[in-house]
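Quick one: the structure is below, and I'll ask about it shortly.
The values are calculated or read from the model by the stated rules, or taken from the named source; none is laboratory data. Note that this is a predicted model, so its numbers are computed, not measured. When we count neighbours, we look across all protein chains shown, and the Cβ atoms used for this are built from the backbone with ideal geometry, even at glycine. These area figures cover heavy atoms from the full protein model, side chains too; ligands, DNA and RNA do not enter into them. Shrake-Rupley method; radii C 1.70, N 1.55, O 1.52, S 1.80 Å.
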Amino acid sequence: MRRPGYDMNVFRERRQMLATRAKGSAVIIAAHPEMIRNNDVHHSYRQDSNMFYLTGFEEPDSILVFRPGQTPETVMFVRPKDVERETWDGFRYGPEGTEKEYKVDKAYLISDFDKMIVDLLKPVDKVYYRWNTSREFDEKMLNVLDQVRSSLGRTGRGHLPVHDSWELLGEMRLIKSSGEIETMRKACEISANGHIEAMKFTRPGVNERQVHGVLVGSFLMQGAQREGYGTIVASGSAATTLHYVFNDQPCREGDLLLIDAGAEYQYFTGDITRTFPVNGKFSAPQKKVYQAVLDIQKQLVAAVKPGLLFKSMQERTIEALTDVMTELNLLKGARQQLIETNAFKKYYMHGVGHWLGMDVHDCGLHVVNGAPRKLEPGMAFTIEPGLYIPADDMTAPAEFRGIGIRIEDNIVVTSTGQENLTAKAPKEISEMESLIGTGK
Ligand code: GLY
Ligand code: MN
Ligand code: MN
């Protein structure tokens, strides 16, 4: 018998918090669909973040119906026990095991969902659901809502209103509890250690793919479940491609290596980027660009505190990087004009950060009631300024062509300021230079 590796109180407490925000409703969450990889083989499975957040349940083909204040309140629909399928694909909890191990009020077979859901929805006055995550489930929901409508007869109630569960749960997930911050600390520590191992391993002649292997090996050896997103290992001018995916080139003498990688630990992910010289020594032009980005990144991190507008960090980054662009003779002109005409986007074209948590680009609104969001304790996000000078940019000074730099840390807002969860990953020039290539 398999046992869940998580404390069920955590999920119960989250459902209690949800209950106070979603009174009178039913919140319906479907498991992430399985994806065929080829023939009868599936892509490795990861549960939908919201389903995991509320239940800890990791099987596909399952549905949560949560009805605050009703009996039963937490209802799950899950796959049946099936000796033959379990011989091939591994253990399933089945309804009985789900009730017992996941401490939900009732668990039924997934095949009973269609006939039971109408009765479960009769006492509620609205539904929370996220459209457009699965076409197949959307169709099921439309059908269900029609049936509920018919079953209500001439009550004058019309269709049950459907609200967005994404926003409801996103606002909960945006503010991390102390337990969640502890899990993020661990995910970030594992991620930072992976970057340290990658720095030690790197030297001229190693392939990007080998560096990728070192990162993944380190993450898994430390207890991570998987990477939190597609790792980027981009040497030389590949670093100027923001979402480089190939990770298959040799790392050459004289080039920089940009690594953007994070480990997922208990469904929370780190998201670290470091950029360093393959041969262990920054050239003068590389050092100039790197130090300029690092100074900005450190100032941004230090300025984080409750009350700061998230969008002000982006404004500050654009101003500071535009100044660097003129200092390096990449652009000419007045700062304000270069910003107003979007000229800076030639070398810096992404946001300076995003919410971070169970998803690498985590949920949570950026505009609340029409106003830009202010930072509050418990919010976690990345700070990742970068500068990317294309190799074929004939207007840039030749010494800077092909240099791509991004430096990314993971920050959580505290009551007085911030904690940098990824401070352990070296980013100072001297620190990195004394580490690179020192591994076996
Ligand atoms: N690794 C994706 C990002 O930094 O946004
Ligand atoms: Mn990021
Ligand atoms: Mn990243």
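Given the criteria more than 14 Å from ligand 2 (Cβ to nearest atom), surrounded by fewer than 24 Cβ atoms within 10 Å (Cβ to Cβ), under 24 Å from Ile190 (Cβ atoms) and not basic (Lys, Arg), does Gln249 qualify?
no
Out of all the residues in the range 81-98, which are assigned to a helix (DSSP H, G or I) and crowded, with 19+ Cβ neighbours inside 10 Å? If you could, list the steps in order and put the result at the bottom.
First, the residues of the range 81-98 that are assigned to a helix (DSSP H, G or I): 83-89, 94-98.
Residues satisfying the conditions are Pro95, Thr98.
To keep it simple, each residue is scored yes or no on (1) open to solvent by 50 Å² or more (accessible area, probe 1.4 Å); (2) within 30 Å of Pro377 (Cβ to Cβ); (3) in contact with a Lys or Arg (Cβ under 6 Å, 6 or more places away or on another chain).
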{"residue": "Gly179", "(1), (2), (3)": "no, yes, no"}
{"residue": "Ile190", "(1), (2), (3)": "no, yes, no"}
{"residue": "Arg203", "(1), (2), (3)": "yes, no, no"}
{"residue": "Val206", "(1), (2), (3)": "no, no, no"}
{"residue": "Gln222", "(1), (2), (3)": "yes, yes, no"}
{"residue": "Ala239", "(1), (2), (3)": "no, no, no"}
{"residue": "Glu264", "(1), (2), (3)": "no, yes, yes"}
{"residue": "Phe276", "(1), (2), (3)": "no, no, no"}
{"residue": "Ala284", "(1), (2), (3)": "yes, no, no"}
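Can you find even one residue in the range 388-399 that is within 16 Å of ligand 2 (Cβ to nearest atom) and of a type in the set (A, V, I, L, M, F, W, C)?
Going through the range 388-399, the residues within 16 Å of ligand 2 (Cβ to nearest atom) turn out to be 388.
After this cut, where a residue has to be of a type in the set (A, V, I, L, M, F, W, C) as well, the list is none.
No, the range 388-399 has no match at all.
A follow-up question, please. Does the range 383-397 contain any residue that is in a strand (DSSP E or B), farther than 20 Å from His361 by Cα and either within 16 Å of ligand 3 (Cβ to nearest atom) or without any contact (Cβ under 8 Å) to a residue 12 or more places away in the chain (or both)? Walk me through how you get there before you give the answer.
The initial filter retains those residues of the range 383-397 that are in a strand (DSSP E or B), namely 383, 386-388.
Those left that are additionally farther than 20 Å from His361 by Cα: 387-388.
If we keep only those that are either within 16 Å of ligand 3 (Cβ to nearest atom) or without any contact (Cβ under 8 Å) to a residue 12 or more places away in the chain (or both) as well, we get 387-388.
Yes, the conditions are met somewhere in the range 383-397.
Follow-up. What residue, of Phe77, Phe113, Phe57, is crowded, with 17+ Cβ neighbours inside 10 Å, in contact with a Phe, Trp or Tyr (Cβ under 9 Å, 6 or more places away or on another chain) and part of a loop (DSSP other than H, G, I, E, B)?
On the way: Phe77 fails: part of a loop (DSSP other than H, G, I, E, B); Phe113 fails: part of a loop (DSSP other than H, G, I, E, B).
Just a single option satisfies the conditions, and that option is Phe57.
Quick check on the range 398-426: of everything there that is more than 27 Å from Met184 (Cβ to Cβ), assigned to a loop (DSSP other than H, G, I, E, B) and not small (Gly, Ala, Ser), which residue is least open to solvent (accessible area, probe 1.4 Å)?
Ile403
What about Ile389, is it over 27 Å from Ser178 (Cβ atoms), in contact with a helix residue (DSSP H, G or I) (Cβ under 6 Å, 6 or more places away or on another chain) and modelled with pLDDT of 95 or more? Quick ask: steps written out before the conclusion?
Values: over 27 Å from Ser178 (Cβ atoms): yes; in contact with a helix residue (DSSP H, G or I) (Cβ under 6 Å, 6 or more places away or on another chain): yes; modelled with pLDDT of 95 or more: yes.
Answer is yes for this residue.
Something else about it: Looking at Ile429 and the list (1) in contact with a Phe, Trp or Tyr (Cβ under 8 Å, 6 or more places away or on another chain); (2) more than 16 Å from ligand 2 (Cβ to nearest atom); (3) open to solvent by less than 10 Å² (accessible area, probe 1.4 Å); (4) over 30 Å from Tyr53 (Cα atoms), which single condition is not satisfied?
Here Ile429 clears every test but (3).
Report yes if Gly370 is over 22 Å from Leu256 (Cβ atoms), crowded, with 17+ Cβ neighbours inside 10 Å and away from ligand 1 (no atom under 16 Å from the Cβ), otherwise no.
Working: over 22 Å from Leu256 (Cβ atoms): yes; crowded, with 17+ Cβ neighbours inside 10 Å: no; away from ligand 1 (no atom under 16 Å from the Cβ): yes.
No: the conditions fail for Gly370.
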